[in-house]
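*Asks:* Before we start, here is the structure in question, set down as structure tokens.
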Amino acid sequence: MDASELHDAVRTANDTALSRLGSSKSLYADTGGEMDPDPVLVAAADAEYAAAETFAAWADTEPHADAQAAFATTASEERDHYDAVRGELDAHEPASDDANAMHTHLRGLDTTAARLGGLLGRILATEKSKEQFTGFFVGQADPQTAQLFRDLKGDLDDQLERTLDLLDAVCAADDDWQTASDAADAAIQAAYDEYTAQLESMGVNPKPVC
């Protein structure tokens, strides 16, 4: 296996979950049903804050030099994302570092292969949320903020390239690829399970109605 094949396999295996995470219901779940600009921005800022904290912690404990550098770069990007989104709000300070389900999973990963796989899963899930944030602000006739989220999604392309390169460098055996694959799947599943639970708690069917 190589990183490109892993990327395709994870995307295919999680197609349904990723599709639903990319639906408008996902944004509804993230905001607790408050589909106004400020709650949407707060949800986005909190997600970027959690990501920055996760990857900074990885960088502090990662023994593989190239992976450590990549995690530090990703943490810095996510901190910039948080600052950019927060700049669209009059005031917003996260009361605490309450990680969502996906980041709780990611923070429990302690090997390089698992972290890289988890990061891959996070990128695939987050691509979907960035599309929803962009679409929301297009619908609000706010092209400046919509462009902000397009720009943030562009950084995910760089993160993906770094992650795939490192997976090829780090995964030397079948067990390494399996570890990465399992971590990626679990990251996406954690996000999907939380999405489902949030909607169900609000009395909303998480599955599309045909």
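*Asks:* If only one of ARG150, ARG122, ARG115 is farther than 17 Å from ASP30 by Cα and surrounded by 22 or more Cβ atoms within 10 Å (Cβ to Cβ), which one is it? If you could, list the steps in order and put the result at the bottom.
*Replies:* Working: ARG150 fails: surrounded by 22 or more Cβ atoms within 10 Å (Cβ to Cβ); ARG122 fails: farther than 17 Å from ASP30 by Cα.
Within the list ARG150, ARG122, ARG115, the selection yields ARG115.
*Asks:* So ASP142 ticks every box in (1) closer than 15 Å to ALA52 by Cα; (2) touching a residue at least 12 places away in the same chain (Cβ under 8 Å) but one. Which box is left unticked?
*Replies:* Among (1) closer than 15 Å to ALA52 by Cα; (2) touching a residue at least 12 places away in the same chain (Cβ under 8 Å), ASP142 violates only (1).
*Asks:* Can you confirm whether the range 64-78 contains a residue that is polar (S, T, N, Q), part of a helix (DSSP H, G or I) and within 29 Å of PRO37 (Cβ to Cβ)? Steps first, answer last, please.
*Replies:* Within the range 64-78, the subset polar (S, T, N, Q) is 68, 73-74, 76.
Still in the list and also part of a helix (DSSP H, G or I): 68, 73-74, 76.
Pick out the ones that are also within 29 Å of PRO37 (Cβ to Cβ) and you get 74, 76.
Yes; the residues of the range 64-78 include at least one that is polar (S, T, N, Q), part of a helix (DSSP H, G or I) and within 29 Å of PRO37 (Cβ to Cβ).
*Asks:* Kindly indicate whether ASP38 is modelled with pLDDT under 95, farther than 30 Å from ALA173 by Cβ, more than 13 Å from the chain's Cα centre (by Cα) and not small (Gly, Ala, Ser). Full working, then the answer.
*Replies:* Details: modelled with pLDDT under 95: yes; farther than 30 Å from ALA173 by Cβ: yes; more than 13 Å from the chain's Cα centre (by Cα): yes; not small (Gly, Ala, Ser): yes.
Yes; evaluated as a whole, the condition is true for this residue.
*Asks:* What do you reckon, is LEU27 touching a Lys or Arg at 6+ places or on another chain (Cβ under 6 Å) and either crowded, with 22+ Cβ neighbours inside 10 Å or in contact (Cβ under 8 Å) with a residue 60 or more places away in the chain (or both)?
*Replies:* Working: touching a Lys or Arg at 6+ places or on another chain (Cβ under 6 Å): no; either crowded, with 22+ Cβ neighbours inside 10 Å or in contact (Cβ under 8 Å) with a residue 60 or more places away in the chain (or both): yes.
Taking the combined requirement at face value, the residue does not satisfy it.
The values are calculated or read from the model by the stated rules, or taken from the named source; none is laboratory data. Treat the numbers as computed from the prediction; the structure is a model and nothing was measured. Glycine also receives a Cβ, built like all others from the backbone with ideal geometry; neighbour counts cover every protein chain displayed.
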